[in-house]
Amino acid sequence: MKFLCFSDLHRNVEAAAKLVEFSRDVDVVIGAGDFATRREGVEDTLNVLSNITKPAILVPGNGESALELENAVQVTKWKSAIVLHGTGCVVEGVEFWGVGGGIPVTPFGDWSYDFSEVEARPLLSGCKPGSVLVVHSPPLATVDHDSSGQIRGSQVIREVVEAVQPKFVVCGHIHSDWGKKVRLANTQVLNAGPHGVLIDIDVSVD
């Protein structure tokens, strides 16, 4: 299955327009959060992205809440978009599970849509083997190195990926690792970034 993956648009409408173009040649589009900036302007990029007609799986980042993202999808009439947060769906026979927000809690203050590792665990509990997991925050010690080299990812996301072994994990959040891919056990992990990554993943049932 061919995916177009992105994250961290932060109101960048020019990048959103390019993603619309790229989406024409893929099966599924995945948006791993941070459409807004500090809880403002979530509709800016969705007004553009709503031109995507392919199935689109979205999770909120720490820059917008799940409710804010869901409302923006409705207002912009993005008919092919599905917002996941502690929930899942099936698209073209492939299972997806999504969890948004900053995990663990970020240092950014009250505006940031964050969850502790303890709070995140039940939200991740529906992820199944062989599925596609969409999270805003990366698994710990993968594609989560900040500009100073410190790792900023989530321990509980890493534990779930190692235990469940989804086929593919798409994340964002840590800007300095945008576009990077690693393997965690048998799972491909991608920190997508705003420019879009086209990737083919074999999601067929073994």
* **Rel. contact order, % - alpha carbon contacts under 8 angstrom, at least six apart, the chain** => 22 percent
* Structure fact -> Of the listed pairs Lys79/Lys180; Lys18/Lys180; Lys2/Lys167, those with alpha carbons more than 24 Å apart are Lys79/Lys180
* To do: Express in nm, to one decimal, how much length is gained between His195 and Arg24 on full extension, taking 0.36 nm for each residue of separation and deducting their alpha carbon distance.
  => 60.0 nm
* To the nearest 500 deg cm²/dmol, what mean residue ellipticity at 222 nm is calculated for the chain from DSSP H runs of n ≥ 4 alone, each contributing -39,500 (n - 2.57), summed and divided by the residues? -> -6000 deg cm²/dmol
* Asked: Expressed as a whole number of Å, what is the distance separating the alpha-carbon centroids of region 145-204 and region 21-62?
  -> 18 Å
* To do: Quote to one decimal, in nm, the extra length available between Lys79 and Arg183 on full extension: 0.36 nm per residue of separation minus the C-alpha distance between them.
  => 34.1 nm
* Filtered GluC sites (Glu not before Pro), region 51-103: DSSP coil and at most 10 other beta carbons within 10 Å -> Glu92
* Structure fact -> Taking R0 as 30 Å and r as the Cβ-Cβ distance between Asp110 and Ser204, the FRET efficiency 1/(1 + (r/R0)^6), rounded to the nearest 0.05, comes to 0.10
* Structure fact -> Among beta bridges assigned by DSSP with both residues in the chain, the antiparallel ones amount in percent, to the nearest 5, to 40 percent
* Determine the shape class of region 145-206: with a ≥ b ≥ c the square roots of the Cα gyration tensor eigenvalues, call it rounded for a/c under 1.5, and otherwise prolate if a/b is greater than b/c, oblate otherwise. => oblate
* Ser125 versus Gln155, label points 7 Å from Cα toward the beta carbon: distance in nm? -> 2.0 nm
* Between Asn71 and Lys2, what FRET efficiency follows from the Cβ-Cβ distance if R0 is 22 Å, with the result rounded to 0.05? -> 0.15
* Please give the contour-minus-distance gain from Thr87 to Ser148: 0.36 nm per residue of separation, less the Cα-Cα distance, rounded to one decimal in nm. => 18.6 nm
* Would you mind telling me the antiparallel percentage of the DSSP bridges in region 122-206, rounded to 5? => 40 percent
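Computed from the coordinates by the stated procedures, all read-outs in this text should not be read as laboratory data. As the structure is a computational prediction, the values presented were derived from the model and not from experiment. So basically every Cβ, Gly included, is an ideal-geometry build from the backbone, and we count neighbours across all protein chains shown.
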